[in-house]
1. Check whether at least one residue in segment 52-60 is of a type in the set (A, V, I, L, M, F, W, C), assigned to a helix (DSSP H, G or I), at pLDDT 95 or above and surrounded by fewer than 17 Cβ atoms within 10 Å (Cβ to Cβ), and report yes or no.
2. Does Ser141 fit the bill of being more than 16 Å from Asp49 (Cα to Cα) and among the polar types (S, T, N, Q)?
3. Pull up segment 67-99, narrow it to residues that are open to solvent by 50 Å² or more (accessible area, probe 1.4 Å) and more than 18 Å from Tyr45 (Cα to Cα), then point me to the one that is nearest to the chain's Cα centre (by Cα).
4. Report yes if some residue within segment 152-162 is of a type in the set (Ser, Thr, Tyr) and surrounded by 13 or more Cβ atoms within 10 Å (Cβ to Cβ); otherwise report no.
5. Which one of the conditions (1) more than 19 Å from Tyr226 (Cα to Cα); (2) assigned to a helix (DSSP H, G or I) does Ala47 fail to meet, given that it meets all the rest?
6. Test each condition in (1) of a type outside the set (Asp, Glu); (2) in contact with a Cys (Cβ under 8 Å, 6 or more places away or on another chain); (3) touching a residue at least 40 places away in the same chain (Cβ under 8 Å) for Leu74 and report the one that comes out false.
7. Scan segment 37-64 for residues that are free of Cβ contacts under 8 Å to residues at least 60 places away in the same chain and within 25 Å of Phe106 (Cβ to Cβ) and jot them down.
8. Within segment 126-133, is even one residue surrounded by 16 or more Cβ atoms within 10 Å (Cβ to Cβ) and modelled with pLDDT under 95?
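The values are calculated or read from the model by the stated rules, or taken from the named source; none is laboratory data. None of the values given here were measured: they were computed from a predicted structure. All Cβ positions, glycine included, derive from the backbone under ideal geometry; neighbour counts span all protein chains shown. Note: areas computed on protein heavy atoms with side chains; ligands, DNA, RNA excluded. Shrake-Rupley method; radii C 1.70, N 1.55, O 1.52, S 1.80 Å.
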Amino acid sequence: MSVLLISDLHLCATRPEISRIFLEFLRNPARRADSIYVLGDLFEYWAGDDDLDDGFNASIISGFSEYTKEGHALYFMHGNRDFLLGETFARACNGQLIADPYSADFFGTRTLLMHGDTLCTDDLDYQAFRAKVRGPAWRESFLSLPLAQRKHQIEALRLRSESEKKRKAPEIMDVSTPAVEAVLREHRYPRLIHGHTHRPARHEHDVDGRTCERWVLADWYRGGSYLRCDKDGCSPIQLS
């Protein structure tokens with residue numbers, strides 16, 4: 001018995017090799033696990049659930065559907081690139097949207113799952129932007145636009161974001177240690193697993209005299225990988 005965790009795949013039609021690796025992952029190692037948790041940024045961007053019939057999106061949904069029809073569980077968490085994923089998408093995959101943060105019990109170990117962007121509290125500009133676009137008023141207004149217009153705006157925002165990243169100090173875009181310790185304390189010192197920062201590693205935090213494990217998931221820009229958790233703990237696995 002095991003669960004697999006992935007994040008920051010940033011799937012898109014212009015990176016077919018990564019999509020191939022992902023679909024192969026669903027057909028092989030994922031079939032030997034009980035469930036998959038996708039901790040955000042599955043797609044490079046998501047403009048709304050009215051884009052399910054797009055050829056590329058449909059191929060990813062089909063891969064998930066093949067996986068879940070065999071009885072495996074599938075969970076999705078929003079990332080900063082795909083926070084517009086909705087229940088229609090989740091139902092098409094036979095999966096379930098989960099909150100961020102999300103508390104789980106993995107084989108007797110309390111585990112807190114997050115995308116990770118809310119832990120980057122030193123990036124004040126991003127946190128202000130996040131608060132704005134996650135609000136129901138902005139979401140309703142944006143989703144009322146024609147799909148093509150939404151995609152155009154998202155692409156412009158994505159390009160601006162990439163430009164702004166180049167001007168920011170790397171440590172600003174990483175998690176803040178006080179923010180990590182605060183969330184570990186709030187949730188009674190669990191194991192923490194998140195993505196977002198694209199800095200895969202295992203960390204230990206000493207919080208109030210308790211040692212807490214934190215795993216950061218890898219992105220899929222240059223290849224695929226996943227974190228496998230079972231009764232013996234967690235281990236990262238690279239895909240070819």
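1. Yes, segment 52-60 contains at least one residue that is of a type in the set (A, V, I, L, M, F, W, C), assigned to a helix (DSSP H, G or I), at pLDDT 95 or above and surrounded by fewer than 17 Cβ atoms within 10 Å (Cβ to Cβ).
2. Working: more than 16 Å from Asp49 (Cα to Cα): no; among the polar types (S, T, N, Q): yes.
Spelling it out, it is not the case that Ser141 is more than 16 Å from Asp49 (Cα to Cα) and among the polar types (S, T, N, Q).
3. Ala99
4. There is at least one residue in segment 152-162 that is of a type in the set (Ser, Thr, Tyr) and surrounded by 13 or more Cβ atoms within 10 Å (Cβ to Cβ).
5. Here Ala47 clears every test but (2).
6. Going through the list (1) of a type outside the set (Asp, Glu); (2) in contact with a Cys (Cβ under 8 Å, 6 or more places away or on another chain); (3) touching a residue at least 40 places away in the same chain (Cβ under 8 Å), Leu74 breaks only (3).
7. Just the residues of segment 37-64 that are free of Cβ contacts under 8 Å to residues at least 60 places away in the same chain, to begin with: 38, 42-43, 46, 49, 52-64.
Answer for segment 37-64, where residues must be free of Cβ contacts under 8 Å to residues at least 60 places away in the same chain and within 25 Å of Phe106 (Cβ to Cβ): Val38, Leu42, Gly63, Phe64.
8. Yes, some residue in segment 126-133 is surrounded by 16 or more Cβ atoms within 10 Å (Cβ to Cβ) and modelled with pLDDT under 95.
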